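*Asks:* Here it is, the structure, as structure tokens.
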Amino acid sequence: MGHSQRDAGLLRAVGPAGLAASIVCQTVGAAIFVVPAVLAANVGVYAPLAFLGCGVAIAAVALCFAEGGSRIPTSGGPYGYIEAAFGPLAGYSAGTLLWVGNVLACGGVAAALGDVVANLSGPSWSAAARAAVIIGAVGTIAAVNIVFVIAGNTAIHAGNFSNTALPGTEGVGRAVILALFAYTGLEVSLSASGEVAAPNRTIPRALGVAIPSIIALYVVIQVIAQGVLGEALGRSSAPLADAMARISPGLRTLMLAGGALSMLGMLSSDLMGSPRQLFAFGREGLLPRALGRIHGRSHAPYVAIAFYAALAAGLALTGTFAELAVLATLTSAAVYAGGSAAAWVLARRGIALAGVPLASPLLPAAATVGITGMTLLIALASRHEILGLAALMTASALVYLIQTRVVPARESAS
């Protein structure tokens, strides 16, 4: 199916501010309230370096996605880039990794908060309500983290940065994988590229604002959490709140409440973006076509959203944060590597379906860093995790072949 047909019925109404807000809201969600403790437990005071190193890699991937999104702006985001560059089988495998990874990362039941509020407010107020939800969610994230940075900076103890031993290889591997998990999410917002206005300009601008801001925020938060809690950071289940408790019980309550709202914002953003991959597959007949249905009034892929939410709920009830986070990161890493390679290929072929593309001179270097970094990250996983990723990719290829060859052959024979 062509990209224009895949996006038929969708409204291109998301601008740079809305897309950047969605990326920040999706990325800075649950992870930043949990991951600092896990990193400290694995690599101690070297945890900020894990955030910084992964930040460089994710920035390279983001530049590749900005290039790909400016050339192939379609529902499914990276899936569309990879399909255009390497063919439908590669695209289907990437799309499967994309939505499976996102539903693993979601890890719980949530509602599409923005859509719900918009629908409840009535047609005349829906746009304003949706904007208010986006601004409110991002504002909450910003306010909570600003309070943490300002208050925590006054309680840092230099002695908390002393370390007697270098971390082991296994600890470094876990830390790098979970640090990258904190950065995952940009592909979720880009999955709704079929609803982005002027995508050749909007997508690069949104990524250019969101990614550097997130990198700086993560490094600063990790440093402050380490400086306030010291060795206790690695044993904390709510590290940011526990750090604030050293200053004031009221700040701890504020951090817990803000964290809860931030997680809700992340889940809401995830349920707005991730089901678009299922929607794209349903539109193309690669999954049940019911997933490709659009609501007549809201123009939302409501069947895909409902199915995705139910699957996420089941995973949340049967898995833990660490288990789901590692698996989600590995699937995302494979998509990031494929998307980086696809953007490079599309640029070399001169493909551009949405006007003048980004055409960044840094694309070859960014693609090299993105592909190499994601490949090394996957290599840091355990043997059974790597085998699980390979099994998922193999299964997606088999499903694609069955849907495109076996099923049509049977239908024609009957």
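*Asks:* Given (1) modelled with pLDDT of 65 or more; (2) under 24 Å from Glu83 (Cβ atoms), where does Val14 come up short, assuming only one miss?
*Replies:* (1)
*Asks:* Search region 200-250 for residues being crowded, with 24+ Cβ neighbours inside 10 Å and more than 26 Å from the chain's Cα centre (by Cα), and hand back the single one that is farthest from Phe51 (Cα to Cα).
*Replies:* Met244
*Asks:* Also: Only residues that are open to solvent by less than 10 Å² (accessible area, probe 1.4 Å) and either closer than 15 Å to Ala306 by Cβ or among the charged types (D, E, K, R) (or both): list them for region 274-291, please. Reasoning before the result, please.
*Replies:* Start the filter on region 274-291 by keeping residues that are open to solvent by less than 10 Å² (accessible area, probe 1.4 Å), which leaves 274-282.
Across region 274-291, the qualifying residues are Ser274, Pro275, Arg276, Gln277, Leu278, Phe279, Gly282.
*Asks:* Are there helices (runs of 4 or more DSSP H) fully within region 56-160 with at least 3 residues that are over 21 Å from Ala359 (Cα atoms) and modelled with pLDDT of 55 or more? List them. Can you show your working first?
*Replies:* Details: elements: 78-86, 88-106, 113-120, 126-153.
Hits in region 56-160: 88-106, 126-153.
*Asks:* I want to confirm something. Restricting to region 49-82 and keeping residues that are touching a residue at least 40 places away in the same chain (Cβ under 8 Å) and open to solvent by 20 Å² or more (accessible area, probe 1.4 Å), which single residue is nearest to Ala206 (Cα to Cα)? Working first, answer last.
*Replies:* In the first step, residues of region 49-82 are kept if they are touching a residue at least 40 places away in the same chain (Cβ under 8 Å); the result is 50-82.
Imposing the further condition that a residue be open to solvent by 20 Å² or more (accessible area, probe 1.4 Å) reduces the set to 52-53, 56, 59, 63.
Details: Leu52: 21, Gly53: 22, Val56: 17, Ala59: 13, Leu63: 11 Å.
Filtering region 49-82 for residues that are touching a residue at least 40 places away in the same chain (Cβ under 8 Å) and open to solvent by 20 Å² or more (accessible area, probe 1.4 Å), the one nearest to Ala206 (Cα to Cα) comes out as Leu63.
*Asks:* Please go through (1) farther than 17 Å from Leu207 by Cβ; (2) over 17 Å from the mean Cα position of the chain (by Cα); (3) not aliphatic (A, V, I, L, M) for Pro357 and return the number of the only condition it doesn't satisfy.
*Replies:* Exception for Pro357: condition (1).
*Asks:* Here is a further query. Which one is modelled with the lowest pLDDT among residues in region 382-404 that are hydroxyl-bearing (Ser, Thr, Tyr) and closer than 22 Å to Pro88 by Cα? Outline the logic, then answer.
*Replies:* Let us first name the residues in region 382-404 that are hydroxyl-bearing (Ser, Thr, Tyr), namely 382, 394, 396, 400, 404.
Filter once more, so that each one left must be closer than 22 Å to Pro88 by Cα: 394, 396, 400, 404.
On the way: Thr394: 92, Ser396: 89, Tyr400: 86, Thr404: 80.
Applying the filter and picking the extreme gives Thr404.
The values are calculated or read from the model by the stated rules, or taken from the named source; none is laboratory data. Source: prediction; values computed, not measured. FYI the Cβ positions are ideal-geometry reconstructions off the backbone, even for glycines, and counts take in every protein chain you see. Just the protein is used for accessible areas: all its heavy atoms, side chains included, with ligands, DNA and RNA removed. Shrake-Rupley method; radii C 1.70, N 1.55, O 1.52, S 1.80 Å.
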